[in-house]
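Student: One structure, pasted below without further comment.
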Amino acid sequence: MPTLSRIIRGALLAAIAFVLFGLFGHFQIHATLDRTQIHNDRPGPIDPASKREEVRLDRLPFLRELRDRGLDLSRRQQQRFFSVKDLIIPQVIRNPRYRHLYRDDERNGRYFAYILNERFAFRHIFKNGGSAVEAQINRKQVNRRDIGSRRLVAVVRDPVEHFLSGWAECGSRNNLAETKPKKFDGKTYDTRIKRWLSVVMKPVDFNTIPSHQKRFYRCRAHSFPQANFLLLPLHDSQTNTRGNGTFPQLDLVGDLRELPAVLTLTGFRWSMTMGRESNRTNVAEDNADKQLLYPKRVDLLANGTLKLLCSFLSLDYYLFAFDPPPVCRDNLTLPLLNNLVAETF
């Protein structure tokens, strides 16, 4: 029989073995956890899509700032415009089928921009927030030669809505409404829009038309495609060259719906306490007579009229991130457009 000392010695050895085994297991577990932590702390493989997004954010001006501030509508406009303009515009100029789309604003550098600060000016696309900006700065717009070395910022809106807003502006200025109906039926409204479209599209030589008609025809620019205001003039008197692209000072194209926040990116301080007028993106929108006589009713336009409008405004749809009316989608085609959209967005 084992002696008591042997029993005690065996029990002690078993206890020591148990403790050593437990300590070994404890260190093994922690070593495994440490290795896992080190592995998890290592950067994983770079997602190609994420890498492309970072390159794009650094390549296009203001894109990162627009993203960081949650200005998604303006980010889409900025990304679209600066990704395709240098591919779309040369194609328009070279191709006789599309060359007529390259037009300027017919202002010869007048009413060009509002000075925001020492670094930036707000390019005045008519019917796109000019009244609101003027109320903010309490100064009139200046001519192109007066902006100096400042960079340009602009905002855009839905092309058809912009066209109709210009129709309302010029109609109210020139009393184009023959009658004052309580409401428009489809035929009356469609007829008036087609009539205005023919006026806007008509080539005009301001050197030959009677002086009493010049004011009326100059107002047409309020319904011009917004792209016209961002293109160099057909004959640039400042450089004595023919226009072949956008203004080189242009750095930012945002969405009208985000106008105040977009301008803050330029260092401009938008005041929300300057009164009701300065905080609307279009002061004229509240004019009751204008809303009655010149409503923006796309639903009252015939498909044929919508197609004519889209054709006239097609450069806006090529350059900006707006969806055309469904009836127009098959008609808005450029040879490179589908590939551009697939590659850049």
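Student: Using label points projected 7 Å from each Cα along Cα→Cβ, tell me how many nm separate Arg257 and Arg145, to one decimal.
Tutor: Result for the modelled spin labels: 4.1 nm.
Student: So who's got an amide H within less than 5 Å of the one on Gly245, skipping anything under 5 residues away but keeping other chains? H placed 1.01 Å off N, in plane.
Tutor: Leu232
Student: List the residues, sorted by chain then number, that are 5 or more residues from Leu116 or on another chain and whose placed amide H is less than 5 Å from its amide H.
Tutor: Placed amide hydrogens put Ala121, Phe122 under 5 Å from Leu116.
Student: Kindly write out, for the stretch 128-140 in residue order, the coupling ³J(HN,Hα) from the Karplus curve 6.51 cos²θ - 1.76 cosθ + 1.60 (θ = phi - 60°), rounded to whole Hz, with x marking Gly and Pro.
Tutor: Taking θ as phi minus 60°, the curve returns 10, x, x, 5, 5, 5, 4, 5, 6, 8, 6, 9, 7 Hz for the stretch 128-140.
Student: Between Asp299 and Asn108, what is the spin-label point distance in nm, taking each point 7 Å from the Cα along the Cα→C-beta axis?
Tutor: Placing both labels 7 Å beyond Cα along the Cβ direction yields 4.5 nm.
Student: If you plug each phi of the stretch 298-313 into the Karplus form 6.51 cos²θ - 1.76 cosθ + 1.60 with θ = phi - 60°, what whole-Hz ³J(HN,Hα) values come out, in order, with x for Gly and Pro?
Tutor: Result, ordered by residue: 4, 5, 8, 8, 5, 4, x, 5, 4, 5, 5, 4, 4, 5, 5, 9 Hz.
Student: Right, here's the next one. Using a basic spin-label model with each label point 7 Å from the Cα along Cα→Cβ, how many nm lie between Phe206 and Arg94?
Tutor: My value for the distance between the label points is 3.3 nm.
Student: Evaluate the relative contact order of the stretch 79-144 (contact order divided by residue number), counting alpha-carbon pairs under 8 angstrom at least 6 apart; express in whole percent. If you can, show how the numbers build up before the last one.
Tutor: Values: 51 pairs, mean separation 19.1, N = 66.
It comes to 29 percent, rounded to a whole number.
Student: Just subtract the alpha-carbon distance of Arg119 and Arg218 from 0.36 nm times their residue separation and send over the number in nm, one decimal.
Tutor: Working: separation 99, 0.36 × 99 = 35.64 nm, distance 3.02 nm.
Length gained, Arg119 through Arg218: 32.6 nm.
Student: Moving on to the next point. In nm, what is the difference between 0.36 nm times the number of residues separating Thr273 and Ser198 and their Cα-Cα distance? Don't jump to the answer; show the numbers that get you there.
Tutor: Working: separation 75, 0.36 × 75 = 27.00 nm, distance 4.20 nm.
Using 0.36 nm per residue and subtracting the Cα-Cα distance, I get 22.8 nm.
Where a number appears in this text, it was derived from the coordinates with a stated rule and is not lab data. Model, not experiment: these values are computed from the prediction. Neighbour counts are summed over all protein chains in view; Cβ atoms, including those assigned to glycine, are modelled from backbone coordinates with ideal geometry.
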